[in-house]
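None of the figures in this text is laboratory data; all of them are computed from the coordinates on show. Everything quoted here is computed from the prediction, not taken from an experiment. Here the Cβ is made from the backbone with ideal geometry for all residues, glycine too, and neighbour counts use every protein chain on show.
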Amino acid sequence: MSQPSSLPQPSDPPHPSGPPSRRAELIIRPAVIDDETALADLDRRTWSTLHSVQPRPQPPYDRFFTLHNRVDEILVAELGGHPVGYIRLVPPTPLACNAHVRQIQGLAVDERTRGRGVARALLGAACQEARRQGATRITLRVLGHNTPARRLYASEGFAVEGVLPGEFLLEGEYVDDVLMGRSLDR
């Protein structure tokens with residue numbers, strides 16, 4: 001299967017020629033209830049101990065949208081009319097003194113579109129949405145062994161702000177829980 005050499009950015013005009021995958025425009029948009037099935041499927045297909053501390057999902061599957069994973073907290077990456085990724089952005093706590101911070105608590109990208117800028121676009125959109133909500137900081141937690149994600153976050157201005165050594169036991173190995181954050185001033 002051939003992949004395009006680069007993914008068009010939302011501001012780029014669609015290419016009038018070339019295979020359909022080259023014409024597809026990446027759109028980042030708020031989730032809607034109708035995304036339930038596609039996002040639940042994407043979440044199951046992308047599950048890995050590289051980024052999840054939860055057990056592998058098993059049937060009967062839980063719903064994607066719940067009281068703790070609300071539709072209004074999710075931004076969806078759509079390519080060619082199909083969801084190919086999502087990011088969840090929430091206040092880290094319900095405390096008023098922490099209201100200036102937003103936290104990314106979930107990011108998934110379809111394996112078929114990895115390496116094409118989808119995660120980077122979702123991160124940019126999450127930072128923009130956090131600013132729109134009045135946040136001045138954004139944080140996330142990432143497993144210490146998830147080198148690709150840590151590199152991506154660092155390239156987007158996130159810095160390690162704390163480490164909980166050996167916080168999780170995954171497949172017989174202790175894994176660090178790494179807190180990363182950045183200012184939204186830039």
- Message: Which of Thr66, Thr46, Thr139 ends up with the largest GNM mean-square fluctuation for the chain, with Cα atoms connected below 10 Å?
- Response: Thr66
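If each residue's Cβ is checked for other Cβ atoms within 10 Å, how do Ile104, Ile87, Ile27 rank with the fewest at the top? The partial results should precede the final answer.
Numbers: Ile104 24, Ile87 27, Ile27 15.
Arranged by neighbour count, lowest to highest, Ile104, Ile87, Ile27 become Ile27, Ile104, Ile87.
Give me the tail of P(r) for the stretch 93-186 as a percent: Cα-Cα pairs with distance above 20 Å.
Details: 1789 of 4371 pairs.
When every Cα pair of the stretch 93-186 is considered, 41 percent fall beyond 20 Å.
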- Message: Among the complete DSSP H segments of the chain, which ones combine at least 15 Å of alpha-carbon extent along their axis with a mean Kyte-Doolittle hydropathy of -1.0 or more?
- Response: 118-132
- Task: Can you find, among Gly157, Leu140, Pro60, the residue farthest towards the positive end of the dipole of the stretch 36-186? Put +1 on the C-beta of Lys and Arg, -1 on that of Asp and Glu.
- Result: Gly157
- Item | Rg/Rh (Cα only; Kirkwood hydrodynamic radius) as it applies to the stretch 35-121 | 0.98
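So if each residue of separation counts as 0.36 nm, and I subtract the Cα-Cα distance between Thr93 and Asp185, what length gain in nm does that give?
Numbers: separation 92, 0.36 × 92 = 33.12 nm, distance 2.10 nm.
So the extension gain works out to 31.0 nm.
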- Note on the structure: The value for the chain (convex hull of the alpha-carbon atoms, volume per residue, Å³) is 142 Å³
- Which distance in nm do the two modelled labels at Leu50 and Thr37 give, with both placed 7 Å along the Cα-to-Cβ direction? 2.8 nm
- Taking Cα pairs under 8 Å and at least six residues apart, what relative contact order does the stretch 20-136 come out at, in percent? 27 percent
